[in-house]
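Reading through the structure tokens given below for one structure.
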Amino acid sequence: MAHTVRRSVIIAPGAFKHSLSAPAAAAAIERGLRRSGLHRRYDCHCMPIADGGNGTLEAFLSGDAGLQRLEVPVHDPFMRPIHSAIAVPGTAGDGPIVIEMALASGLELLRANELNPRKATTYGTGELMRAALDHWRGGEMIVGMGGSATVDGGAGCLQALGVRFYDREGHELPPGLAGGDLHRVHRVDAGGLDPRWKEVSLVIATDVDNPALGPSGAAAVFGPQKGADRVQVIFLEASLRHFFSVLADQLGVDVRTTPGSGAAGALSGGLMALFGERARIQSGIDLLLDASNFEERLAQCALVITGEGRMDEQTIHGKGPIGVARRAAAHGVRTVALVGGLDADDALLHEAGVWAAMPIVTGPMSLDEAIERAEVLVERAATRLGYLLQTMRRRASRV
């Protein structure tokens, strides 16, 4: 008698911002599906996702890349000591190293009344990279961009790697350069870099294509999200323009208009200027899906369930759920998105591979209430989806 392979449902949500991590969202969806009884017909596989921003490290650790967590002491955006982590290959592995910049230089490390991109630095991200170098075995080093509190052009990060910056009088600028310090940079000295960096291939994982400068650049677009008012945005734009002009003149790499160089407060641009051809930008969600063998998982997949806190026009331009939906659609697998808020054109979502988008909120409520109840709302939405899928299956079998 031939063995029948059960088909599966892949549960691949991103984080619901300020409420649920991607693993917590996946667990809530799985519980909801089990309550509906869907698990009796389909195997449910959780695969939390991230696109380079918050949750990237956990997503890679939960995948099939054979990585393990390594705790690292670093400094937060205001140079306060904290504990963070990176993902490194297992004992016998030679795979990638994964760094999530938000775990050292991210918005979620600060209180709402602390946001100040003029004073926030990426120095801690450089410390994560420096620690990663000691565990590097020849694979790629992935730096996830997103969720940053900074607009420092990566200056702080480069300092932690060993780059020295000097002012016009020849004085070395202290560690922890922030957005408000960039106008002081007059000379760059990269002679103190660890020689091992010359062998490292750096992958910048990001879901944005904004350049470092200009009306769609790091200061103009992302500065307000990090606490900058109109005057501060103008100041930060001028500071970044000066800083990247100095880097272009002295390092010979001009990234001022390079797509993606504006990611994470232009940290992406700073790393590209330093690493040159050894740095490349790649979609964060594509990196994760490749590392998680997503294509193979789709072979016996009946449905993919993704989700995020708010699905809007930004989602369509490279965010994690759309990356999942497009891959699934290419294999003829439908994707349903469970979302906290929905503000995207339905036709565009459908073209991007989303079969249906279902808001989890069941009635009028404040954002604070929705955030507080997110876990329950997601689970209940998954239960309703499970019942609906079983009803559709029964009806289809009668045709």
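The values are calculated or read from the model by the stated rules, or taken from the named source; none is laboratory data. Keep in mind it's a predicted model, so treat the numbers as computed, not measured. FYI the Cβ positions are ideal-geometry reconstructions off the backbone, even for glycines, and counts take in every protein chain you see. Calculation scope for accessible area: heavy atoms of the full protein, side chains included, ligands and nucleic acids excluded. Shrake-Rupley method; radii C 1.70, N 1.55, O 1.52, S 1.80 Å.
Among the conditions (1) surrounded by fewer than 22 Cβ atoms within 10 Å (Cβ to Cβ); (2) in a helix (DSSP H, G or I); (3) more than 23 Å from the chain's Cα centre (by Cα); (4) of a type outside the set (S, T, N, Q), Asp290 misses just one, which is (3).
The number of residues in region 226-249 that are open to solvent by 50 Å² or more (accessible area, probe 1.4 Å), assigned to a helix (DSSP H, G or I) and over 15 Å from Gly154 (Cβ atoms) comes to 6. Looking only at residues in region 337-354 that are open to solvent by less than 90 Å² (accessible area, probe 1.4 Å) and over 23 Å from the mean Cα position of the chain (by Cα), the one that is farthest from Ser19 (Cα to Cα) is Ala347.
Taking the listed residues Thr91, Thr121, the one that is of a type in the set (S, T, N, Q), open to solvent by 20 Å² or more (accessible area, probe 1.4 Å) and part of a loop (DSSP other than H, G, I, E, B) is Thr91, with no other qualifying.
If you go through region 127-142 one residue at a time, do you hit one that is touching a residue at least 12 places away in the same chain (Cβ under 8 Å), under 15 Å from Ala266 (Cα atoms) and part of a loop (DSSP other than H, G, I, E, B)? No, because not a single residue in region 127-142 is touching a residue at least 12 places away in the same chain (Cβ under 8 Å), under 15 Å from Ala266 (Cα atoms) and part of a loop (DSSP other than H, G, I, E, B). If you filter region 94-115 down to residues that are assigned to a loop (DSSP other than H, G, I, E, B) and over 17 Å from Ser268 (Cα atoms), you find that the one that is nearest to the chain's Cα centre (by Cα) is Pro96.
Which one is farthest from His39 (Cα to Cα) among residues in region 372-387 that are out of contact with any helix residue (DSSP H, G or I) (no Cβ under 7 Å at 6 or more places or on another chain) and open to solvent by 50 Å² or more (accessible area, probe 1.4 Å)? So the residue we want is Glu372. For the residues Gly309, Gly276, the requirement of being farther than 18 Å from Met101 by Cβ, of a type outside the set (Phe, Trp, Tyr) and touching a His at 6+ places or on another chain (Cβ under 9 Å) singles out Gly309.
Each row is one residue, and each column tells you yes or no for (1) in a loop (DSSP other than H, G, I, E, B); (2) small (Gly, Ala, Ser); (3) under 24 Å from Gly320 (Cβ atoms).
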site: Pro13; (1), (2), (3): yes, no, yes
site: Pro23; (1), (2), (3): no, no, yes
site: Ala26; (1), (2), (3): no, yes, yes
site: Arg31; (1), (2), (3): no, no, yes
site: Arg35; (1), (2), (3): no, no, no
site: His39; (1), (2), (3): no, no, no
site: Pro48; (1), (2), (3): yes, no, yes
site: Gln68; (1), (2), (3): no, no, yes
site: Ala85; (1), (2), (3): no, yes, yes
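Of all the residues that make up region 70-83, how many are open to solvent by less than 10 Å² (accessible area, probe 1.4 Å) and either among the basic types (Lys, Arg) or not in a strand (DSSP E or B) (or both)? The number of residues fulfilling the criteria is 2. Among residues of region 335-353 that are closer than 13 Å to Val324 by Cβ, those with a Cβ under 6 angstrom from a residue that is at pLDDT below 90 and β-branched (Val, Ile, Thr), sequence gap 6+ or separate chain, pair up as Ala352/Ile316.
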